[in-house]
1. Restricting attention to region 210-224, which residues are open to solvent by 50 Å² or more (accessible area, probe 1.4 Å) and assigned to a strand (DSSP E or B)?
2. Among (1) hydrophobic (A, V, I, L, M, F, W, C); (2) open to solvent by 100 Å² or more (accessible area, probe 1.4 Å); (3) modelled with pLDDT under 80; (4) out of contact with any helix residue (DSSP H, G or I) (no Cβ under 9 Å at 6 or more places or on another chain), which single condition is V82 missing?
3. So, S227, is that one out of contact with any Pro (no Cβ under 6 Å at 6 or more places or on another chain), in a loop (DSSP other than H, G, I, E, B) and in contact (Cβ under 8 Å) with a residue 60 or more places away in the chain or not?
4. Which residues, counting only those in region 85-141, are among the hydroxyl-bearing types (S, T, Y) and either at pLDDT below 85 or open to solvent by 100 Å² or more (accessible area, probe 1.4 Å) (or both)?
5. Given the criteria at pLDDT 85 or above and within 58 Å of the chain's Cα centre (by Cα), does A183 qualify?
Amino acid sequence: MTSLRLLPLLHSLLILQVHLSNQLEDNKIPPSLCTGHPGTPGSPGVHGSPGQPGRDGRDGRDAAPGEKGEKGDRGDHGETGVRGLTGDKGDSGEKGERGQPGECAVAPKSAFSAKLSEGRALPLTVGDAVRFDKILLNEQGDYNTETGRFTCRVPGVYYFVVHSTVYRSSLQFDLMKNGHTVASYFQFHGNWPKPASLSGGSLLHLIPGDQVWVQMALSEYNGFYSSTKTDSTFTGFLVYSDWKNSAVFA
């Protein structure tokens, strides 16, 4: 009676054994059936090969500015660079203030003009100077009415001219320099009842002390004339000076 009751139990155990034998194939024991003690730790394994580079991480947040560092030593002078191109012309500057007045340079001067007085008796002797005795201009005093001669004080080039009224007689006179004739002039009067005129002039280079005057050439040709209506004049003036030390030439 008892044997019959155990049959189902034995059948179940047989099925369980078959099932467990399939799981234990190839000496593989399920962990659930391992109830032994942990084994001895194995030896360290061989180092593996380097892994692939990882991805770039995200940028970190900006940090607060650091404190200013100390000033470094001055560096050595560098080599001179290549000269640059010429720049554009700059704007004109402002006009400066007016300067103080300077000293005025005075040019040397010499000039005169004189005429015959009305009804003056003229010398008749050849070689005498005609004395134009009435001064029109003689600021420097270079002309002498007593001698009728101009005396050079400023070296340079002068111009002399004689304007004469011819009446009652023909006229011939010479322009003299230091006793030498530099120019001669003649006017024939004839029987002409009215006054005529005779003029002549010349440029002369003079040095201090030179003298210039008008001189009668022929005693019979002395027709210089002067009246309230007409005059005879002798004029001379400096054209330019040879004074290199004059302020005007400095």
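1. Listed by number, the list holds a single entry, Q211.
2. For V82, the exception is condition (3).
3. Numbers: out of contact with any Pro (no Cβ under 6 Å at 6 or more places or on another chain): yes; in a loop (DSSP other than H, G, I, E, B): yes; in contact (Cβ under 8 Å) with a residue 60 or more places away in the chain: yes.
Judged against the criteria, S227 is a match.
4. At the first step, the residues of region 85-141 found to be among the hydroxyl-bearing types (S, T, Y) are 86, 92, 110, 113, 117, 125.
Those that are among the hydroxyl-bearing types (S, T, Y) and either at pLDDT below 85 or open to solvent by 100 Å² or more (accessible area, probe 1.4 Å) (or both): T86, S92, T125.
5. On the way: at pLDDT 85 or above: yes; within 58 Å of the chain's Cα centre (by Cα): yes.
So A183 fits the description; yes.
The values are calculated or read from the model by the stated rules, or taken from the named source; none is laboratory data. As the structure is a prediction and not an experimental result, all values here were calculated from the model. So basically every Cβ, Gly included, is an ideal-geometry build from the backbone, and we count neighbours across all protein chains shown. All accessible areas refer to the heavy atoms of the entire protein, side chains included, with ligands and DNA or RNA removed. Shrake-Rupley method; radii C 1.70, N 1.55, O 1.52, S 1.80 Å.
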